[in-house]
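The values are calculated or read from the model by the stated rules, or taken from the named source; none is laboratory data. Nothing here was measured: the structure is a model prediction, and the numbers come from that model. Every residue, glycine as well, gets a Cβ built from its backbone with ideal geometry; the counts of neighbours run over all protein chains shown.
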Amino acid sequence: MTATPHQTGRLTSYAHGGGCACKIPPGELEAVLAGLPGRGTAPDGAGTLLVGLDDGDDAAVVTSPATPGVGLVATADFFTPVVDDPYDWGRIAATNALSDVYAMGGTPLVAVNLLCWPRDLLPMDVAAEVLRGGADVGRLAGCHVAGGHSVDDPEPKYGMAVTGLVDVERLLRNDAGVAGVPLSLTKPLGVGVLNSRHKATGEVFPQAVDAMTTLNAEASRAAVAAGARAATDVTGFGLLGHLLKMARASGVDAVVDAAAVPYLDGVRDALRDGHVSGGTRRNLDWVRPHLASRLGEDELLLLADAQTSGGLLVAGEVPGAPVVGELVPRRGASVEVHVR
């Protein structure tokens, strides 16, 4: 039986941040990664690294002579509680981890759990509920969930390391965007401000949970079938942050039609009441030097809202998904994102 909030305290109260909003800010992360080896430094006999550190893509992709035409996709993702219900947190974290494979156009094959748990503060039956949520998402995705690793930690964290497969001729990557191609977004934005409100008030937002537990499998298949070659998922760096990375890696600029961007119900009320995470503000600060816009701060904060288990941002038209902008030719020496 799951422990009640009265027995354990609210799960989100054990976390300094929530979900992907607790990521290290993009600028700081890039400074750390800048000194690590990139392309052309692979060890002998390790296959061919198609996607690695160079452009901050969603997952690594490597090929082997033993399996020509097939890429192995590897990723890991975990975070602190984003909701108070442990089963939902497990589902959200697993959906988010699997999303990195879908963002590359791949299919998840096997996942292992990553669990950090304050065993002296939270009952282990709560941890079991988190793992049950992850296992159920794995089954839904047709992905094996087999074991993992756990540590005693003052702050609860959960996620997965996931391995998948991809047809290298149909690989989606964030450096393959070309000018003149529209941008499609497969999930509405706004889970960041709703999760911030949930953490502050305890209000439950089923629309946010539904969005965060919707697999990107169908969206990925639709993008590949439509001939897309560039995509990323929209998570902790917000729409603007992930779009900036795609445009920069692809050598193009980008335009966002703010009026076309969909949002979950209740998002503007949460924004009005001040429920904006520090991660969202850091996202906007990072993008701002590359931003050209006359929109007000509130609109820009929503576009930079740190998403957890968000949708795919695809360079191309995806059936059923709104077109929210386009990639355009690079106009200057550095990348620009124009928001109109």
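Output the residues belonging to the stretch 154-173 that are surrounded by 15 or more Cβ atoms within 10 Å (Cβ to Cβ), out of contact with any helix residue (DSSP H, G or I) (no Cβ under 8 Å at 6 or more places or on another chain) and farther than 23 Å from A231 by Cα.
The answer is K157, and nothing else.
Would you confirm, using the coordinates I've provided, whether G90 is at pLDDT 95 or above and in a loop (DSSP other than H, G, I, E, B)?
No.
For the stretch 102-137, how many residues meet the condition of being of a type in the set (G, A, S) and closer than 18 Å to K157 by Cα?
6
Restricting to the stretch 305-319, count the residues that are within 13 Å of the chain's Cα centre (by Cα) and either part of a loop (DSSP other than H, G, I, E, B) or more than 22 Å from Y102 (Cβ to Cβ) (or both).
Residues in the stretch 305-319 being within 13 Å of the chain's Cα centre (by Cα) and either part of a loop (DSSP other than H, G, I, E, B) or more than 22 Å from Y102 (Cβ to Cβ) (or both): 7 in total.
Output yes when any residue across the stretch 291-303 is modelled with pLDDT of 95 or more and crowded, with 24+ Cβ neighbours inside 10 Å, and no when none is.
yes
So which residues in the stretch 157-177 are in contact with a strand residue (DSSP E or B) (Cβ under 6 Å, 6 or more places away or on another chain) and either farther than 19 Å from V73 by Cα or charged (D, E, K, R) (or both), if there are any at all?
Once the filter is applied, which keeps residues that are in contact with a strand residue (DSSP E or B) (Cβ under 6 Å, 6 or more places away or on another chain) and either farther than 19 Å from V73 by Cα or charged (D, E, K, R) (or both), the stretch 157-177 yields K157, Y158, R173, G177.
Residues of the stretch 58-79 being buried (at least 24 other Cβ atoms within 10 Å of the Cβ) and of a type outside the set (D, E), which ones?
Selection gives A59, V61, G71, V73, T75, F79.
Looking at the stretch 307-322, can you tell me whether even one residue there is surrounded by fewer than 23 Cβ atoms within 10 Å (Cβ to Cβ), assigned by TED's automatic domain parsing to the domain that holds T201 and in contact with an Asp or Glu (Cβ under 6 Å, 6 or more places away or on another chain)?
Scanning the stretch 307-322, I find no residue that is surrounded by fewer than 23 Cβ atoms within 10 Å (Cβ to Cβ), assigned by TED's automatic domain parsing to the domain that holds T201 and in contact with an Asp or Glu (Cβ under 6 Å, 6 or more places away or on another chain), so the answer is no.
Would you check if there is a residue in the stretch 205-214 being modelled with pLDDT of 95 or more and more than 18 Å from the chain's Cα centre (by Cα)?
Yes: one or more hits.
Do we have L271 as in the same structural domain as V193 (by TED's automatic domain parsing) and touching a Ser or Thr at 6+ places or on another chain (Cβ under 8 Å) here?
no
Please indicate, with yes or no, whether at least one residue in the stretch 68-79 is closer than 21 Å to L50 by Cβ and free of Cβ contacts under 8 Å to residues at least 60 places away in the same chain.
yes
Mind checking whether some residue in the stretch 115-125 is assigned by TED's automatic domain parsing to the domain that holds P154 and crowded, with 24+ Cβ neighbours inside 10 Å?
no
Return the pair list, or none, for Cβ contacts closer than 7 Å from residues in the stretch 268-290 that are touching a residue at least 24 places away in the same chain (Cβ under 8 Å) and within 16 Å of T235 (Cβ to Cβ) to residues that are of a type in the set (V, I, T) and assigned to a loop (DSSP other than H, G, I, E, B), at least 6 apart or on different chains.
Short answer, once both residue conditions are applied: none.
Just to be sure I understand, how many residues within the stretch 69-81 are out of contact with any Cys (no Cβ under 8 Å at 6 or more places or on another chain) and either of a type in the set (F, W, Y) or not in a strand (DSSP E or B) (or both)?
2
Determine whether the stretch 126-135 contains at least one residue that is more than 22 Å from R10 (Cβ to Cβ), surrounded by fewer than 23 Cβ atoms within 10 Å (Cβ to Cβ), not assigned by TED's automatic domain parsing to the domain that holds N216 and not aromatic (F, W, Y).
Checked the stretch 126-135: at least one residue is more than 22 Å from R10 (Cβ to Cβ), surrounded by fewer than 23 Cβ atoms within 10 Å (Cβ to Cβ), not assigned by TED's automatic domain parsing to the domain that holds N216 and not aromatic (F, W, Y).
Regarding L29, is this residue touching a Leu at 6+ places or on another chain (Cβ under 7 Å), of a type in the set (A, V, I, L, M, F, W, C) and at pLDDT below 95?
Answer is no for this residue.
If you scan the stretch 264-280, which residues turn out to be surrounded by 16 or more Cβ atoms within 10 Å (Cβ to Cβ) and farther than 14 Å from R197 by Cβ?
Passing the criteria: only G279.
Suppose we keep only residues that are at negative phi and under 15 Å from the mean Cα position of the chain (by Cα) within the stretch 174-194. Which one would you say is surrounded by the fewest Cβ atoms within 10 Å (Cβ to Cβ)?
That would be P188.
Please return the ranges of helices (runs of 4 or more DSSP H) entirely within the stretch 164-273 where 2 or more residues are more than 30 Å from G69 (Cβ to Cβ).
Once the helices (runs of 4 or more DSSP H) in the stretch 164-273 are filtered for at least 2 residues that are more than 30 Å from G69 (Cβ to Cβ), what remains is 191-201, 206-212, 238-250, 267-272.
So which residues in the stretch 274-301 are outside any strand (DSSP E or B) and among the polar types (S, T, N, Q)?
S277, T280, N283
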